[in-house]
Amino acid sequence: MNLLLDKYKRQSRYTYLMHRPPLKHCRVCGTAVVYRLPDDGDTKERAVCPACATVHYENPLNVVGTVPVWGEDGGQVLLCKRNIEPRWGKWTLPAGFMEMGETTAEGAARETDEEAGAQYEMQALFSIMNVARVGQVHLYYRARLLSTEFNPGHETIEARLFTESEIPWDEIAFKTVKETLERYFDDRRKGRFGIHVLDIA
């Protein structure tokens, strides 16, 4: 029962973060907010409190993760099979929502620890993807695996290494993950890695 409740809570939180409803009440005094142009000259409608005049700014969320690779040539990449919704049973790179008080690299490292239980060395930022339709920015760092021993957490069914030809491309959970993987292997063939900035429809 507790496992089912935990799964429901995780799914509900993800659904909320993916489809955040408009703010209804002021976070300062609790009064119902009104969406209008603020009096400070802002040109975008905001949630404004008519009681205490607080203007609430609703900003995009950051999703952070890694592209963990193994081998001298980085020919294998570590993927995690999801044990949570959405996309239960699909494959993904270790990633998740950034927490307060951490940098993007720290968040990516934490998610890699939690989802894959991998030993690795963080490397450079690799991809930045704007997913404007859901108010998110996804950032992935390259990471060099130090071991092939993995101890995935409860959000992962299985963590395993894939070569490019072995990746189940039709079973990749998210478009941002697929785009990042494709660019990683493209850069690997070229022998140099850059930073990729993409807009995801």
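On inspection, E179 qualifies as touching a Leu at 6+ places or on another chain (Cβ under 8 Å) and of a type in the set (D, E).
Here's the yes/no breakdown for (1) farther than 16 Å from T112 by Cβ; (2) out of contact with any strand residue (DSSP E or B) (no Cβ under 9 Å at 6 or more places or on another chain); (3) assigned by TED's automatic domain parsing to the domain that holds V137:
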residue: T43; (1), (2), (3): yes, yes, no
residue: P50; (1), (2), (3): yes, no, no
residue: Q76; (1), (2), (3): no, no, yes
residue: C80; (1), (2), (3): no, no, yes
residue: K90; (1), (2), (3): yes, no, yes
residue: L93; (1), (2), (3): no, no, yes
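Scanning the stretch 44-89 for residues that are free of Cβ contacts under 8 Å to residues at least 12 places away in the same chain and acidic (D, E) returns E45, E72. Candidates G117, G135, G96: the one that is of a type outside the set (D, E, K, R), in contact with a Pro (Cβ under 8 Å, 6 or more places away or on another chain) and free of Cβ contacts under 8 Å to residues at least 60 places away in the same chain is G117. Screening E158 on (1) exposed (fewer than 15 other Cβ atoms within 10 Å of the Cβ); (2) assigned to a loop (DSSP other than H, G, I, E, B) shows it passes everything except condition (2). Counting only strands (runs of 3 or more DSSP E) wholly contained in the stretch 46-124, the ones carrying 2 or more residues that are under 18 Å from V177 (Cβ atoms) and among the aliphatic types (A, V, I, L, M) occupy 61-70, 76-82.
The values are calculated or read from the model by the stated rules, or taken from the named source; none is laboratory data. The model shown is predicted, which means the values in this text are computed figures rather than measured ones. In this analysis, Cβ positions are derived from the backbone assuming ideal geometry, glycine residues included, and neighbour counts consider all displayed protein chains.
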